Amino acid sequence: MKTMVTLGEILIELNALTSGPLRNVNYFEKHVAGSEANYCVAFVMTGNKCVYLGRVGNDEFGKNAVEWLRGKGVIVDKIKIDPNPTGIFFIQRDYPIPLHSESIYYRKGSAGSKLSPEDIEEDLVREADLVHSTGITLAISSSAKDTVFKAFSLNRERSFDTNIRLKLWSPDEARRNIIELFKEYPLKFLITDVDDASILVGRSDPDEAVRLLREYADVIVMKQGPRGASVYYDGGKYFAHGYSVPVVDVVGAGDALGGTFLSLVMSGYPLDKALDYAIVSSTLNVMIRGDQENLPSLQDIEAFLREMNKS
């Protein structure tokens, strides 16, 4: 069993029960979310251990987040309680773009944004099999960015999902800070998508973008939405196709893919098989509201694949 340490912000997601603009929505469903938390749960669901480093507020939402993650098997003992409130965000679905979800944040000055280098237990990070974070954590505050840099300085087995959120920073800020991290701390795994790659290296073609990103990572996963995803490694490439399923909410799908992929590769799965299984995790995720409730076990993934292979 492998151990991953993640650093980020846990959020409470309030997902609209009906489609359309939020001004006309009266009912919302509450979920625990946040990219690194999603990664952690996906990692645990497929047979490994994950330690979460972060902060939540001394409020009911913070208690909800910690209790939920503990129930999912995430190691939450290192999560600190902060006097600032736990961040929240709302999901607006199918408006103004069908089958598209928009995240609307209320997180400025949140407990999670107060993540600090002093929150890192150095021996814990050094001894982990993998340390993971995302562009979101770099964006939420300067202290959170410093925390990621410190964690990456302590362990050479590093994973990073670009996860560029333009509501948190500009394209130029994202490019400058993420490339700074890559140059100082090259990665074992880089997980990105065509939109983020275009911001980082000015290329929307996956192969061209990866050619420019290869100097920063040993293995690159390029997410391509409903089409599927590709993994690039040692001059090789493997593409895993997506599946056509009823789509309810796409938020968290990329984290489902990334967390499952990392877990299976760390468990010894070949990169191609790990990506095939990770696509299933992402596929199941988009069929419900919420980022973590549909994250599958290995048995669930294999049952899905058996059914798909009958046709």
Cross-link table Lys2/Lys188; Lys80/Lys145; Lys145/Lys188; Lys237/Lys310; Lys2/Lys183, entries beyond 21 Å C-alpha to C-alpha:
Lys237/Lys310; Lys2/Lys183
The range 3-309, relative contact order in percent, only Cα pairs under 8 angstrom and at least six apart counted:
17
Could you give the nm distance between label points at Ser153 and Phe28, where each point is 7 Å from its Cα heading toward the beta carbon?
3.8
Dimensionless Rg ratio for the range 134-288, taking C-alpha atoms and the 2.2 N^0.38 Å reference:
1.00
What order, most packed first, do the peptides 252-259, 161-168, 227-234 have when packing is the mean number of other Cβ atoms within 10 Å of each residue?
252-259, 161-168, 227-234
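Using only the Cα atoms of the range 3-309, construct the convex hull and provide its projected area averaged over every direction, in square nanometres to one decimal.
Values: hull surface 58.0 nm².
Mean shadow area of the hull around the Cα atoms is 14.5 nm².
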Determine the share of the range 19-177's accessible area contributed by carbon and sulfur atoms, expressed in whole percent, with a 1.4 angstrom probe.
48
Give me the percent of DSSP beta bridges within the range 1-101 that run antiparallel, rounded to the nearest 5.
35
Given labels modelled 7 Å from the Cα in the Cβ direction, how far is it in nm from Lys237 to Arg165?
3.1
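How do the peptides 89-98, 48-57 rank, highest first, by the average count of neighbouring beta carbon atoms within 10 Å per residue? Spell out each step's value before the answer.
Values: 89-98: 16.4, 48-57: 24.6.
Top of the packing list down: 48-57, 89-98.
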Of all beta bridges DSSP finds with both residues in the chain, what is the antiparallel percent, to the nearest 5?
45
Only Lys, Arg, Asp and Glu count, each charged at its Cβ (+1, +1, -1, -1), so figure out the dipole size of the chain about its Cα centre, rounded to 20 debye.
200
1.4 Å probe accessible area per residue over the chain, in Å²:
42
What residue among Trp68, Ser263, Tyr95 has its Cα farthest toward the positive end of the dipole of the range 3-309, where the charges are +1 on Lys, Arg and -1 on Asp, Glu, each on the Cβ?
Tyr95
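The values are calculated or read from the model by the stated rules, or taken from the named source; none is laboratory data. Keep in mind the model is a prediction, meaning the values are calculated, not measured. Cβ coordinates were reconstructed from backbone atoms using ideal geometry, including for glycine residues, and neighbour counts include every protein chain displayed. Protein only, heavy atoms only, side chains kept; ligands, DNA and RNA dropped before computing areas. Shrake-Rupley method; radii C 1.70, N 1.55, O 1.52, S 1.80 Å.
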